[in-house]
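Engineer: Sharing a structure here in structure tokens format.
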Amino acid sequence: MKSVMPDMQPMNQTVQETPVFQVLTEDQIEQIYFSALEVLERVGSRVHHDEALELFRSSGDAVVGDDKRVRVTTSLVERALKSYPRKITLKGRNGVRSVALQKDHVYFGTGSDLPFTYDRKTGERRRTQYKDIVDAARIVDYLPNFDFFMSHGIVGDAPNPLTYDRHQFMAMLEGCTKPYVVTSVDGEGLEDLWKMACLFQGGENEFRLNPMFVAYIEPISPLTNDRTAVEKLLFAAEKGIPAMYTPCPSSGATAPATIAGMLVQSLAETLLAIALCYLKRPGMPLIMGGVTTVMDMRTTTYSYGAPEMALASAANTDISKWLNLIMFSTGGCSDAKVLDEQAAIESTLSNLTAFLSGANLVHDVGYIDSGVNASLESLVMNNEIIGMVRQVGKGIKTDEAHLALKVIDEVGPGGEFVTHDHTYEHWKEWFLPKLMDRSDWETWNAEGAKTMLDRVNDETQRILDEHEPQPIDDNTRKELKKIIDDADKRHSK
Amino acid sequence: MAVDLGQMAELLIAGKVDDVEKMTEQAIDDGMDPSDILQKGLIAGMDVVGQRFKACDMFIPEVLRSAKAMGAGMKQLRPKLVASGAKMAGTMVIGTVKGDLHDIGKNLVGMMFEGAGFQVVNLGIDLDTQVFVDAVKEHKPELLGMSALLTTTMPKMGEVINALKEAGVRDQVKVMVGGAPVTEEFAKEIGADIYGANAASSVDKAKEVLEA
Ligand code: B12
């Protein structure tokens, strides 16, 4: 092999090419972990589900109190922890295995179920409808920096609150071909969504190899597990459906006011599910989660823009990596009532920290109004933010070509680099802004003096006008409709 | 030495729950006028808390500690006030509707009303319509508060209002609703009397309606 004499020979050095971002040391993670185990042994967690209680009772590794409080041994938790897969690859209905959930692979997506939509035509907040979900789905299908889709809004015009999840999933399927994270009403709802997904993936076993979605499930902080949540969890375990059990504590209200305390409590909530799913079916693809934030002490708002949310989420990701669990985290969201400067600032901070921490699924991108209001424009703006964040994450390469000694030598003092081959080759490694304006004053005025918001609005409209996702074939559509109709019939009685 | 009601107000502002309770007891034992204890001690303190909260000099954890102190004082004082026929805030029943497990917002509202001197009966979450109706019959509250955080459970609040009508008790009570997807417009639609966007503002609104 012909060897090229390098400009400089590095010796025995570790080359760090990406930014290092860790908010907890290993010792701190251990402190939090052991504290969480202590919570499970001493305090326990309440479980409102008979089968789950029976699983714990008969395990010999848990004590179930009269008040349905379950206390679990560390031995069970640690056996369970070893059983979870470290990699889950999701395949969209476009047939692409595009989301490889494994250490330090970061994917961005929307949140779900926003009751209101900011209507850009009228400037009003109105209730979200089926069509809004399809529109959000189309936008996410188009935007390159979004990797997965949650419903963004809730289908407010569904015929029955008990089956709205099937209609919502249909809207998601129509508009977006990327993998999903789905919310469901109960176990039966999740089963229907899973059946709908299996139509695309070629059956139950194929779905296990190529899951199309992750099921979103939550405990009730502090330390409570309601019937429907556990029902979904056990169904997911049984069928091998990837699922997350994501605590949503608000520091100072439903969790301690210290971040460490909130992390301890939410880890205990997670570990309970870790133990339970293991008892049901070892190895089911369970994902760790957490929307860990503070309650604003002036307004009582559950904050989606607080720096504490960004920090606590990054800490949770540190913990997840240490536990070898895949992490579902939060970013790109805001407490701002409309898409404005506040939304941009808050979204940027949480996107950046989520990315640098190496969370795997970063959700709630595009939420405004503290998880109450949907904005399609926010999705478009966040696409640009994530692009910039990913650029930072690429870090700095310091190999021979990138150190560019030869080029510096060739150009020499007083020369220019613009027309050099090296530039021609390498400038494309940069982030190419799509919505950020870097023009001069004159040009900017000549082009209509548009603000970021104007450009975001234009781009949103353009995508809605132009982007058509790959359609669903008629046969599949019929079968999907049948599942939905059956559910509506069952629940109309 | 007679109880210093000004000091009692200060302790309440400082959120000293036990001290306020003890002091109220002491004041009652000393034979002070219950109305005076309420007005010059407890309410005087809470008024300052309210003003400071609005001026952003006090925050929720402090306000709700003071509210707790108010509640502790009222527990002692209420029987005396009833006996003397003095004017005071009444009872509020509050709960989250069927199918809905969101808890904390409703609890904070309850605590805030406790701070306003109400006797608060917190029924819990995921409540059947009948539970609300029965509670109205049993406690005869001035206020019924319902919380719904889901668009899918919001309609239950309308069902409760209809059930109150059917039970013939709708006129006995002012109905107040709240929760993230609930709006003023929706509250009107289902025939509620008050919409509360957050814990603090709903107290003001309720007082206005009850005093009207
Ligand atoms: C925390 C949270 C949870 C926690 C609740 C834990 C607990 N202990 O309460 C958990 C994880 C359990 C949860 C579960 C679910 N949630 Co949730 N949740 C939230 C979240 C993020 C914050 C709520 C909160 O605690 N706010 C802080 C408190 C202090 O404020 P608050 O509740 O709004 O109350 C204030 C006011 O609203 C008002 N108020 C409230 N009630 C009342 C009553 C009266 C009488 C008055 C006057 C005023 C009043 O005063 C309060 C104090 O200031 C909201 C988003 C949001 N911003 O609302 C979603 C949200 C409400 N949830 C949502 C959803 C979809 C769900 C789930 C269905 C998810 C799922 N598919 O599993 C489940 C439903 C479970 C069930 N059956 O109820 C949606 C609702 C969408 C919709 N359909 O309308 C929201 C909007 C988020 C979203 N976009 O997805 N959730």
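The values are calculated or read from the model by the stated rules, or taken from the named source; none is laboratory data. Computed from a prediction, not measured in an experiment: that's the story for all the values here. Don't worry about glycine lacking a Cβ; one is built from the backbone with ideal geometry, like all the others, and counts go over all protein chains shown. For accessibility, only protein heavy atoms count, side chains too; no ligands or nucleic acids. Shrake-Rupley method; radii C 1.70, N 1.55, O 1.52, S 1.80 Å.
Engineer: Here is a check on your reading of the model: is B:M112 more than 14 Å from chain A (Cβ to nearest Cβ), under 29 Å from B:V17 (Cβ atoms), crowded, with 23+ Cβ neighbours inside 10 Å and near the ligand (Cβ under 8 Å from one of its atoms)?
Structural biologist: no
Engineer: Identify, from the list B:D57, B:D29, B:D47, B:D36, the residue that is more than 30 Å from B:I125 (Cβ to Cβ), under 19 Å from the mean Cα position of the chain (by Cα) and acidic (D, E).
Structural biologist: Residue meeting the stated conditions: B:D47.
Engineer: Looking only at region A:295-335, filter to residues that are away from the ligand (no atom under 11 Å from the Cβ) and among the aromatic types (F, W, Y); which one of those is farthest from the other protein chains (Cβ to nearest Cβ)?
Structural biologist: A:W322
Engineer: Tally time: how many residues in region B:94-143 are aromatic (F, W, Y) and in contact (Cβ under 8 Å) with a residue 60 or more places away in the chain?
Structural biologist: 1
Engineer: Let me ask another. Kindly provide the set of residues from region A:321-348 that are β-branched (V, I, T) and buried (at least 24 other Cβ atoms within 10 Å of the Cβ), ordered by number.
Structural biologist: A:I326, A:T330
Engineer: When you scan region B:31-38, do you find a residue that is crowded, with 19+ Cβ neighbours inside 10 Å and either among the aliphatic types (A, V, I, L, M) or within 14 Å of chain A (Cβ to nearest Cβ) (or both), even just one?
Structural biologist: Yes, region B:31-38 contains at least one residue that is crowded, with 19+ Cβ neighbours inside 10 Å and either among the aliphatic types (A, V, I, L, M) or within 14 Å of chain A (Cβ to nearest Cβ) (or both).
Engineer: Please state which one of B:K156, B:K98 is within 12 Å of the ligand (Cβ to nearest atom) and over 28 Å from A:D296 (Cβ atoms).
Structural biologist: Only one candidate qualifies: B:K98.
Engineer: May I pose another question? Please tell me if B:K54 is within 14 Å of the ligand (Cβ to nearest atom) and either closer than 27 Å to B:L149 by Cα or within 12 Å of another protein chain (Cβ to nearest Cβ) (or both).
Structural biologist: Criteria not met by B:K54.
Engineer: Considering only region A:254-268, I want to know if a residue exists there that is under 26 Å from A:M172 (Cα atoms) and either at pLDDT 95 or above or part of a helix (DSSP H, G or I) (or both).
Structural biologist: Checked region A:254-268: no residue is under 26 Å from A:M172 (Cα atoms) and either at pLDDT 95 or above or part of a helix (DSSP H, G or I) (or both).
Engineer: Same structure again: Condition first: part of a helix (DSSP H, G or I), more than 16 Å from B:F118 (Cβ to Cβ) and not basic (K, R). Now tell me which residues in region B:46-60 satisfy that.
Structural biologist: Within region B:46-60, B:V48, B:Q51, B:F53, B:I60 qualify.
Engineer: Go through the residues of region A:150-157 one by one and say whether even a single one is more than 14 Å from every other protein chain (Cβ to nearest Cβ) and over 16 Å from A:V365 (Cα atoms).
Structural biologist: no
Engineer: If I filter region B:59-72 for residues that are open to solvent by less than 60 Å² (accessible area, probe 1.4 Å), within 14 Å of chain A (Cβ to nearest Cβ) and closer than 24 Å to B:V136 by Cβ, do I get at least one hit?
Structural biologist: Yes, region B:59-72 contains at least one residue that is open to solvent by less than 60 Å² (accessible area, probe 1.4 Å), within 14 Å of chain A (Cβ to nearest Cβ) and closer than 24 Å to B:V136 by Cβ.
Engineer: Could you tell me how many of the residues in region A:202-218 are open to solvent by 10 Å² or more (accessible area, probe 1.4 Å) and either closer than 15 Å to A:G187 by Cβ or near the ligand (Cβ under 10 Å from one of its atoms) (or both)?
Structural biologist: 2
Engineer: Checking the structure you have, find out if any residue of region A:2-19 is at pLDDT 95 or above and part of a loop (DSSP other than H, G, I, E, B).
Structural biologist: Scanning region A:2-19 turns up no residue that is at pLDDT 95 or above and part of a loop (DSSP other than H, G, I, E, B).
Yes/no per residue for (1) farther than 30 Å from A:P144 by Cα; (2) open to solvent by 50 Å² or more (accessible area, probe 1.4 Å):
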site	(1), (2)
A:T18	no, yes
A:L55	yes, no
A:V70	yes, no
A:S75	yes, yes
A:R79	yes, yes
A:K82	yes, yes
A:Q102	no, yes
A:P115	no, no
A:R120	no, yes
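Engineer: Something else about it: Restricting to region A:161-182, give me the number of residues that are within 14 Å of chain B (Cβ to nearest Cβ) and in contact with an Asp or Glu (Cβ under 6 Å, 6 or more places away or on another chain).
Structural biologist: 2
Engineer: Given (1) in contact (Cβ under 8 Å) with a residue 60 or more places away in the chain; (2) within 12 Å of the ligand (Cβ to nearest atom); (3) within 14 Å of the chain's Cα centre (by Cα), where does B:L210 come up short, assuming only one miss?
Structural biologist: Unmet for B:L210, out of (1) in contact (Cβ under 8 Å) with a residue 60 or more places away in the chain; (2) within 12 Å of the ligand (Cβ to nearest atom); (3) within 14 Å of the chain's Cα centre (by Cα): (2).
Engineer: Name the single residue that is farthest from A:S375 (Cα to Cα) among those in region A:82-126 being away from the ligand (no atom under 16 Å from the Cβ) and hydroxyl-bearing (S, T, Y).
Structural biologist: A:S83
Engineer: Within region A:233-256, which residues are open to solvent by 20 Å² or more (accessible area, probe 1.4 Å) and more than 8 Å from the ligand (Cβ to nearest atom)?
Structural biologist: A:F235, A:E238, A:K239, A:G252, A:P256
Engineer: Which of the numbered conditions does B:S84 fail, given that it passes all the others? Conditions: (1) in contact with a helix residue (DSSP H, G or I) (Cβ under 9 Å, 6 or more places away or on another chain); (2) of a type in the set (S, T, N, Q); (3) modelled with pLDDT of 95 or more.
Structural biologist: (3)
Engineer: Checking the condition modelled with pLDDT of 95 or more and under 17 Å from A:L480 (Cβ atoms), which residue from A:M196, A:M150 passes?
Structural biologist: Criteria check complete, one pass: A:M196.
Engineer: Which residues, taken from region B:165-212, are within 12 Å of another protein chain (Cβ to nearest Cβ), open to solvent by less than 50 Å² (accessible area, probe 1.4 Å) and not aliphatic (A, V, I, L, M)?
Structural biologist: Result: B:G178, B:G179, B:P181, B:T183, B:F186, B:G196, B:S201, B:S202.
Engineer: Please pick out the residue among B:L42, B:L12, B:L38 that is farther than 19 Å from B:L64 by Cβ and assigned to a helix (DSSP H, G or I).
Structural biologist: The unique qualifying residue is B:L38.
Engineer: Where residues in region A:122-149 are within 14 Å of another protein chain (Cβ to nearest Cβ) and assigned to a loop (DSSP other than H, G, I, E, B), which of them is surrounded by the most Cβ atoms within 10 Å (Cβ to Cβ)?
Structural biologist: A:T128
Engineer: Give me the pairs: first residue in region A:212-231 and away from chain B (no Cβ under 13 Å), second residue within 7 Å of the ligand (Cβ to nearest atom) and among the hydroxyl-bearing types (S, T, Y), beta-carbon distance under 6 Å, and six or more apart or on different chains, which are they?
Structural biologist: From region A:212-231, the pairs are A:Y216/A:T183.
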